[in-house]
Amino acid sequence: MDIKAIIIETDRQISNSVCYQLNENGFQAERVSYIRYCRDKETYASYDLIIYMVGKYDHSDDMPIFSRPVLFVLEQNDLPMQKKAFTLGMAD
């Protein structure tokens, strides 16, 4: 059984790479913009995993409530990005 994953992107180049790697390793992954995800949340309710890419140009201060596990991926590993990710709901 394939695991369906949705990647909410802020950086197309990085999300393309992540999506490619997941698909090469047995996942059914696709990318979607944050705005499209918020507009069509019910469309993505059947996904097993949500990967949210927190980028420096991310303007999603009001994160939606997710009903699935979320894997946060930081575009940059610096303190302001980590603080932003924690305010969006990252646990560790």
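Read-outs: derived from the displayed coordinates by stated rules, not from any lab. For clarity, every value in this text was computed on a predicted model and none was experimentally measured. As a convention, Cβ positions derive from the backbone with ideal geometry for all residues, glycine included, and neighbour counts pool all protein chains shown.
Electrostatic tally near Thr43: other residues with Cβ closer than 15 Å to its Cβ, Lys and Arg +1, Asp and Glu -1, net +2.
Residue-wise HN-Hα couplings along the range 32-41, as the Karplus relation 6.51 cos²θ - 1.76 cosθ + 1.60 with θ = phi - 60° gives them from phi, are 8, 6, 4, 5, 5, 4, 4, 6, 10, 3 Hz; Gly and Pro carry x.
Each Lys or Arg adds one and each Asp or Glu takes one away; over the other residues whose Cβ falls under 10 Å from the Cβ of Ala29, this sums to -1.
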